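This report refers to the structure that appears directly beneath it.
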Amino acid sequence: MSGEPTLRGTSAVISPPGPGYREDAAVSRFLADLVEPFGSKVDEERWQRGAHVSHKALTDRLLEAEGVRTSRPQLVIVTHALPDVLPFTAVAPYLADRLDVTATTFSVAQQGLAAPFTALRIVAAYQRSGRCDEAVVAVLEQTTLPTPHPLVDDGGLVDSGAALVLGTGPGPRLASVSSGGTVGELLEPHREPGTLVVLGPWVTETVEAGDVHRVAPGSYCTSVWLALAGNWPAWQETYRKVVLCDTDPVSGRGHAAAFTFPAG
């Protein structure tokens, strides 16, 4: 087996309803033990007004899409930039169990919005080496946190998630993943006719490109993946290539992933 991963299915969820706050003394003690060693205190008002949409709940919603629900991956990767509401569930094995598959499962985190791009590199390496025919990448973002967070507070983030099923055969192919430098620099290899540039909400530089789709604010690591999940069937009717780009506001590093659409 060789070649680039092919996009076989997607799913997206934005601002799902959550269970809200439930008083629990054990959870309160856990949160205090989690943040107080670092000189912080739990913001009780903030915690209580949160929606409490867990990564597990986001995963359940993503599985409502048939293209994800019927997948049979040998590799499952869960990515996120912000922590879960409560880190009591290993979500990647949970996703594999919901799909009723035996798969290699793990998470990619603490990389900011680079995490999904890293996951795509891993999927490509697994497929090139013959270690999997199909993979699922879930990108999860929940915003109920026990302490202030500038991206959540100032960026207007909402709970969201996206899932990508990557397999083999015909369809949009992952052509490249690149990181580092500015988005403009990362776009240099992709300046040909028939290309759509998808810019995440954190790209602040001026980008010169023919056709541009700008993702609205409200997401961090899920940004361009929500756009891909919602639009790729239409995009492949018009474009030969789609390049998904965003700039991490914390590190300042740009990231880009290019998919080629043979039917465009």
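The values are calculated or read from the model by the stated rules, or taken from the named source; none is laboratory data. As the structure is a computational prediction, the values presented were derived from the model and not from experiment. Here Cβ is always computed from backbone atoms with ideal geometry, including for glycine, and neighbour counts include all displayed protein chains. These accessible areas exclude ligands, DNA and RNA; they are computed on the full protein's heavy atoms, side chains included. Shrake-Rupley method; radii C 1.70, N 1.55, O 1.52, S 1.80 Å.
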query = Ignoring ligands, DNA and RNA, what percent of the accessible area of the chain is carbon or sulfur (1.4 Å)?
reply = 49 percent
ask   = What are the ³J(HN,Hα) values, in whole Hz, obtained from phi via the Karplus relation 6.51 cos²θ - 1.76 cosθ + 1.60 with θ = phi - 60°, for each residue of region 37-50 in sequence order, with x given for Gly and Pro?
value = x, 9, x, 10, 10, 5, 7, 4, 5, 4, 4, 6, 8, x
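With every protein chain kept in place and ligands, DNA and RNA left out, what is the accessible area per residue of the chain? Probe 1.4 Å, answer in Å². Could you put the intermediate results ahead of the total?
On the way: 11940 Å² over 264 residues.
Here the per-residue accessible area is 45 Å².
What does DSSP give for the chain in terms of the percent of beta bridges that are antiparallel, rounded to the nearest 5?
Antiparallel bridges: around 60 percent, rounded to the nearest 5.
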request  = Would you work out if region 130-192 is rounded, prolate or oblate? Take a ≥ b ≥ c from the square roots of the eigenvalues of the alpha-carbon gyration tensor; rounded if a/c is under 1.5, else prolate when a/b is larger than b/c, oblate otherwise.
outcome  = oblate
ask   = Can you give the longest stretch of the chain with no exposed loop site, where a site means chymotrypsin sites (Phe, Trp or Tyr not before Pro) in a DSSP loop (not H, G, I, E or B) with at most 16 other C-beta atoms within 10 Å?
value = 89-264
Bins of 10 Å, starting at 0 and running to the largest distance - Cα pair percent for the chain = 7, 31, 35, 20, 7, 1
message = Per residue of region 148-156, what does 6.51 cos²θ - 1.76 cosθ + 1.60 with θ = phi - 60° give for ³J(HN,Hα)? Whole Hz please, x for Gly and Pro, Karplus curve as stated.
response = x, 9, x, 5, 6, 6, 9, x, x
task = Take each uninterrupted DSSP H stretch in the chain, measure its Cα extent along the helix axis, and return the ones at 15 Å or beyond whose mean Kyte-Doolittle hydropathy is at least 0.0.
result = 25-35, 115-128, 223-235
note = Plugging the Cβ-Cβ distance of A32 and R191 into 1/(1 + (r/R0)^6) at R0 = 41 Å yields, to the nearest 0.05, a FRET efficiency of 0.20
query = Got a sec to turn the phi values of region 99-108 into Karplus ³J(HN,Hα) couplings, 6.51 cos²θ - 1.76 cosθ + 1.60 with θ = phi - 60°, whole Hz, x for Gly and Pro?
reply = 7, 6, 10, 9, 9, 6, 10, 6, 10, 10
Relative contact order for region 1-73, counting Cα pairs under 8 Å that sit 6 or more residues apart, in percent = 48 percent
inquiry  = I'd like the distance between the alpha-carbon centres of region 161-204 and region 65-131, rounded to an integer number of Å.
reply    = 19 Å
task = Scan around H213 for amide H atoms under 5 Å from its own, H built in the peptide plane at 1.01 Å from N, and keep only partners 5 or more places away or cross-chain.
result = V197, V198, L199
query = Using DSSP loop states and a limit of at most 12 other Cβ atoms within 10 Å to flag GluC sites (Glu not before Pro), what is the longest stretch of the chain containing no flagged site?
reply = 65-204
note = Non-local residues with an amide H under 5 Å from the amide H of S176, with H modelled 1.01 Å from N and Pro and chain starts lacking one, are A258
key: Per-residue [θ]222 nm for the chain (sum of -39500 (n - 2.57) over DSSP H runs n ≥ 4, rounded to 500)   = -7500 deg cm²/dmol
key: Under-5 Å amide H pairs with R253, H placed in peptide plane, nonlocal only   = D248
Spatial separation of Cα centroids for region 234-255 and region 1-42, in angstrom = 25 Å
